[in-house]
Amino acid sequence: MNRIEKIISALEETANHPAKAVKASMKETGKKAVGCFPYYTPDEIIYAAGLLPVGLWGGQTDIKLADKYLQSFCCSIMRINVEQGMKGMYDFLSAVIIPAYCDTLKCICDNWHVAVPQTYLIPMVYPQHRKIAAGVAYLIDEYKRVQKELETIAGKKITEKDLEDSIALYEDYRETMRHFTAIVSRYSKTLNAKTRHLIIKAAYFMDKRLYAIKIKELMEELKRLPEEKLDGIKVVVTGILAETDALLDAFVQNKIVFVADDLAHESRQFRTSVRSEGTALERLAYRIADHDGCSLLYDEEKKHGQLLIDLVRENHADGVVVCMMKFCNPEEFDYPIYKKELEVAGIPMLYLEIEQKMDSAEQIRTRIQSFAEMIK
Amino acid sequence: MFLGIDIGSSSSKAVIINAQLKILGKAVFNTGAGTQGPEKAVGAAFREAGISGEKIKFSVVTGYGRMTYDKADKQITEITCHARGAAHMIPSARTVIDIGGQDAKVIRLDKDGKVENFVMNEKCAAGTGRFLEVMARILDCSIGNLSSLSENASEEIIISNTCTVFAESEVISQLSSGAKRENVAQGAHKAVAKRVAGLGSRIGLAPDVVMTGGVALNKGVVAALEKETGQKITVVENPQIIGAIGAALYAWETASKLS
Ligand code: SF4
């Protein structure tokens, strides 16, 4: 195995075995871990407290217990998260933060104390009007409340310096990831759709400082390689997340390369920076105010469609793949608006309804292959 | 000679064409993926064409069972093949509605007959041939007779459940409360048409609208679809083998590019 293969395979191993990876990170850093439900939890504050933020984005667990709290028309990520909580799979976490963006998340916040009493819950509510002064002030207050809770868990006070250092580290991680996603089209075989996904996913289960070092190392090594000729189809992928393995394998088999993404699980996490002025918490709150093109954050101007069109044009993509998480209201409400804009712009689009656990990927495979045949 | 094979969930089709794109042999067997159907269809097409396997320069397999059939030179999806077959048969086609045994698709074509966009039903059997099979069984008639049964309908019946399993019990209770079989048959056609029209509205139906796939043989469904969509629908000749014709055309095209 050469150096590149070694780095990639270690990151893939991390992404494929989250619990094992998180426990290893806890051991390595001596930190306690805090689970972060999607989306936009203040990981910088968790990190500043000397704790390890861990992403909880579902998994492959069969659903049995969670049916007691979430109906079958709730999204699979959240049904699986509740199932995993109820099965005790999060017992090693010191707490979970659940932000209430959608009805399903709100419902989980209500039920968590009864469903998973052993895992301490820190609920959060983000402002709908995130861009106005009152919205920003409200969010800062929410952050202060969360900060206090985290200080109790960590047994230490978080100073402004701790927060600034943590923000600097996260900014470095975000910038690194933007560079990383930008080089995918130059190394489209090594960084195929599946590998790219797993590399990005690994960040959720590692200390961000160590993770960013690994990604920089990987990019350095890649630079030494000659560029790989891209002979497939280039797409921009949007949605909550692009999983399962069978789905990603179908993209790889049909030589479909993700030249850019707009996934909540991937680029939406790192495409927006904090502002350079203000207190640490102000800078964090303004990052939420400045972040656009995400169905979870209310946007009066509906900029999502234009953002996708820009991504397609900047990356010379052949089309957009929509990975629609089944039963996700925020994403479903957003879809008709950007669909129309993409149609007017003449951009081909593939709509896939996905669940985190899919028994049969046959139909999805046919759609992906047909899309590839249509573009060729 | 060029061979196209279409392995669906409930039937297998094979078509042999020559370099002038003339159909020399064709066959349909009513058993699909995972059975002897594909072999039988290919064998029968060879017999009709009066040739043996060595004469085939290139072959393409399509359909639900394409991934597990390893005797063809290439596999292409049924969406691409149905579009190709339909555009070949009716060059003015801009929309293809294909209702097969377990899925339904609406395909939009550009003026060169190339796929421009497509939609496919989700996993369930609503709006597919399977739904009609279940209805035919409850009505105690063959699938082939469902259409003629519905011709004598006197009253409109609505089957409100789209789920095949729920629709089955809905229909049983309608029959037991005295509904006429003819009316129920027509209701079943309407239910399929509604589902497929809904699917089509996601990408729009541009004329000429052409229908392919086994269900196109059912006049009741075609009439119900025309009513639901407000569009004239042309049923292509031999609708069941259009996917296989498309596959054979791709076999010819690929071989011509290679030589
Ligand atoms: S935003 Fe969508 S995917 Fe996320 S938790 Fe809510 S419903 Fe589920």
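The values are calculated or read from the model by the stated rules, or taken from the named source; none is laboratory data. Keep in mind that this is a model prediction, so the values were computed, not measured. Cβ sites come from the backbone with ideal geometry, for glycine too, and all protein chains shown count toward neighbours. In case anyone asks, the SASA skips ligands and DNA or RNA and just uses the protein heavy atoms, side chains included. Shrake-Rupley method; radii C 1.70, N 1.55, O 1.52, S 1.80 Å.
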Hey, A:Tyr126 hits all of (1) under 30 Å from A:Lys302 (Cβ atoms); (2) away from the ligand (no atom under 14 Å from the Cβ); (3) at pLDDT 95 or above but one; which does it fall short on? (2)
Out of all the residues in region A:7-19, is one or more in a helix (DSSP H, G or I), out of contact with any helix residue (DSSP H, G or I) (no Cβ under 8 Å at 6 or more places or on another chain) and open to solvent by 10 Å² or more (accessible area, probe 1.4 Å)? yes
Given the options A:Val312, A:Val322, A:Val344, name the one that is within 16 Å of the ligand (Cβ to nearest atom) and of a type outside the set (S, T, N, Q). A:Val322
May I ask you to say which residue of A:Val125, A:Val184 is crowded, with 19+ Cβ neighbours inside 10 Å and either outside the structural domain of A:Ser276 (by TED's automatic domain parsing) or free of Cβ contacts under 8 Å to residues at least 60 places away in the same chain (or both)? A:Val184
Name the residues in region A:243-264 that are within 16 Å of the ligand (Cβ to nearest atom) and either of a type in the set (S, T, N, Q) or touching a Phe, Trp or Tyr at 6+ places or on another chain (Cβ under 6 Å) (or both), would you? A:Thr244, A:Ala264
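Matching residues to (1) closer than 27 Å to A:Gly293 by Cα; (2) not aliphatic (A, V, I, L, M):
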site: A:Lys189; (1), (2): no, yes
site: A:Asn192; (1), (2): yes, yes
site: A:Lys201; (1), (2): yes, yes
site: A:Lys214; (1), (2): no, yes
site: A:Glu220; (1), (2): no, yes
site: A:Glu228; (1), (2): no, yes
site: A:Val257; (1), (2): yes, no
site: A:Asp261; (1), (2): yes, yes
Lone unmet requirement of (1) of a type in the set (Gly, Ala, Ser); (2) surrounded by fewer than 16 Cβ atoms within 10 Å (Cβ to Cβ); (3) within 25 Å of A:Ile364 (Cα to Cα) for A:Gly278: (3)
Checked against (1) within 14 Å of the ligand (Cβ to nearest atom); (2) without any contact (Cβ under 8 Å) to a residue 40 or more places away in the chain, A:Lys87 satisfies every condition except (1)
Of the residues A:Val54, A:Val96, which is within 14 Å of the ligand (Cβ to nearest atom) and closer than 15 Å to A:Val34 by Cβ? A:Val96
Checked B:Leu249, B:Leu258 against criteria (modelled with pLDDT of 85 or more, within 30 Å of B:Arg66 (Cα to Cα) and either out of contact with any Leu (no Cβ under 8 Å at 6 or more places or on another chain) or not assigned by TED's automatic domain parsing to the domain that holds B:Asp103 (or both)); the one match is B:Leu249
When the residues of region A:238-267 are narrowed to those that are in contact with an Asp or Glu (Cβ under 7 Å, 6 or more places away or on another chain) and part of a strand (DSSP E or B), which ends up surrounded by the fewest Cβ atoms within 10 Å (Cβ to Cβ)? A:Gly239
Given (1) in contact (Cβ under 8 Å) with a residue 60 or more places away in the chain; (2) within 14 Å of chain A (Cβ to nearest Cβ); (3) farther than 30 Å from A:Ser360 by Cα, B:Pro207 misses just (2)
Which pairs do you get when a residue that is assigned by TED's automatic domain parsing to the domain that holds A:Ile80 and under 22 Å from A:Cys75 (Cβ atoms), found in region A:23-39, comes within reach of a residue that is outside any helix (DSSP H, G or I) and away from the ligand (no atom under 16 Å from the Cβ), reach meaning Cβ atoms under 8 angstrom, with the pair 6+ apart or on two chains? A:Gly35/A:Val54; A:Gly35/A:Tyr90; A:Gly35/A:Leu93; A:Gly35/A:Ala95; A:Gly35/A:Thr119; A:Cys36/A:Pro53; A:Cys36/A:Val54
When you scan region B:150-164, do you find a residue that is away from every other protein chain (no Cβ under 14 Å), buried (at least 19 other Cβ atoms within 10 Å of the Cβ), under 29 Å from A:Ile354 (Cα atoms) and within 21 Å of the chain's Cα centre (by Cα), even just one? yes
Restricting to region B:93-116, and then to whatever is more than 17 Å from the chain's Cα centre (by Cα) and acidic (Asp, Glu), can you tell me which residue is farthest from the other protein chains (Cβ to nearest Cβ)? B:Asp112
Quick one: in region A:99-121, which of the residues that are within 16 Å of the ligand (Cβ to nearest atom) and of a type in the set (Ser, Thr, Tyr) is most open to solvent (accessible area, probe 1.4 Å)? A:Tyr101
Suppose we keep only residues that are of a type in the set (Ser, Thr, Tyr) and more than 10 Å from chain B (Cβ to nearest Cβ) within region A:324-376. Which one would you say is farthest from the chain's Cα centre (by Cα)? A:Tyr338
Quick one: A:Val235 ticks every box in (1) open to solvent by less than 10 Å² (accessible area, probe 1.4 Å); (2) among the β-branched types (Val, Ile, Thr); (3) within 16 Å of the ligand (Cβ to nearest atom) except a single one, so which number is it? (3)
Can we say A:Leu218 is in the same structural domain as A:Ile7 (by TED's automatic domain parsing), in a loop (DSSP other than H, G, I, E, B), crowded, with 19+ Cβ neighbours inside 10 Å and not charged (D, E, K, R)? no
Taking the condition open to solvent by 70 Å² or more (accessible area, probe 1.4 Å) and either of a type in the set (Ser, Thr, Tyr) or in a helix (DSSP H, G or I) (or both), does B:Gln174 pass? no
Output yes when any residue across region B:58-70 is away from chain A (no Cβ under 14 Å) and at pLDDT 95 or above, and no when none is. yes
